[in-house]
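*Asks:* Provided herewith is a single structure, encoded as structure tokens, for subsequent inquiry.
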Amino acid sequence: MKSVIFAVAMAAAIPLAAANAAGPFDGNYTGGSPAAGGRNGCAATIATVSISEGKITGKYTERNYTFNISGTVAPDGSVTGRWSSNPFTGKFSGGHFAGSYSSKECGAQRPIELNKAG
């Protein structure tokens with residue numbers, strides 16, 4: 001009877017361990033976008049994001065303002081998300097992310113670079 005209870009307990013624990021397994025891109029990243037021209041003279045952005053189980057959350061600052069970052073990471077490292085109200089795309093490769101978003105204020109695509117912290 002003890003072996004049956006042990007087997008049932010182990011079977012229940014396996015899905016929990018798989019659900020909490022870290023994804024290949026999980027971790028904290030820092031970076032941002034360089035300053036750019038445009039009618040308002042777009043300032044550089046400084047970003048800090050966290051990735052956990054394929055979800056991106058974070059913030060970036062531009063001048064004295066702070067904005068949200070959100071998105072998803074596909075198993076191949078492809079990203080779709082929002083850089084404030086701007087859609088952004090890109091791809092992770094190892095501990096590096098390269099992507100871009102279209103800035104109405106700058107009138108151009110702005111590059112985004114993030115690197116894994118630590």
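Coordinate-derived values only; no laboratory data. All values derive from a computational prediction rather than experimental measurement. Here Cβ is always computed from backbone atoms with ideal geometry, including for glycine, and neighbour counts include all displayed protein chains.
*Asks:* Extension gain Ser78-Ala44, at 0.36 nm per residue separation less the Cα-Cα distance, in nm?
*Replies:* Numbers: separation 34, 0.36 × 34 = 12.24 nm, distance 2.37 nm.
Working it through step by step, the gained length comes to 9.9 nm.
*Asks:* Give me log10 I(q)/I(0) at q = 0.11, 0.15, 0.21, 0.23 Å⁻¹ for region 23-116, Debye formula, one equal scatterer per alpha-carbon, no solvent.
*Replies:* Debye curve over Cα of region 23-116, log10 I(q)/I(0) at q = 0.11, 0.15, 0.21, 0.23 Å⁻¹: -0.27, -0.50, -0.97, -1.15.
*Asks:* Follow-up question, since we're still on this one. For region 61-101, what proportion of DSSP beta bridges, expressed in % and rounded to the nearest 5, is antiparallel?
*Replies:* 100
*Asks:* If I take the Cα coordinates of region 45-92 and project them onto the principal axes, what are the three extents in Å, biggest first?
*Replies:* Reported extents, whole Å, longest axis first: 35, 18, 14.
*Asks:* Amide H neighbours of Ile56 under 5 Å, counting only residues 5+ apart in sequence or on other chains, H built in-plane at 1.01 Å?
*Replies:* Gly71, Thr72, Val73
*Asks:* So, by mean Cβ neighbours within 10 angstrom, what's the order for 109-118, 56-65 with the highest one leading? Write down the numbers at each step before the final one.
*Replies:* Working: 109-118: 16.4, 56-65: 14.7.
The peptides rank, most packed first, as 109-118, 56-65.
*Asks:* What is the sum of charges around Phe88, taking Lys and Arg as +1, Asp and Glu as -1, for the other residues whose C-beta is under 10 Å from the C-beta of Phe88?
*Replies:* +2
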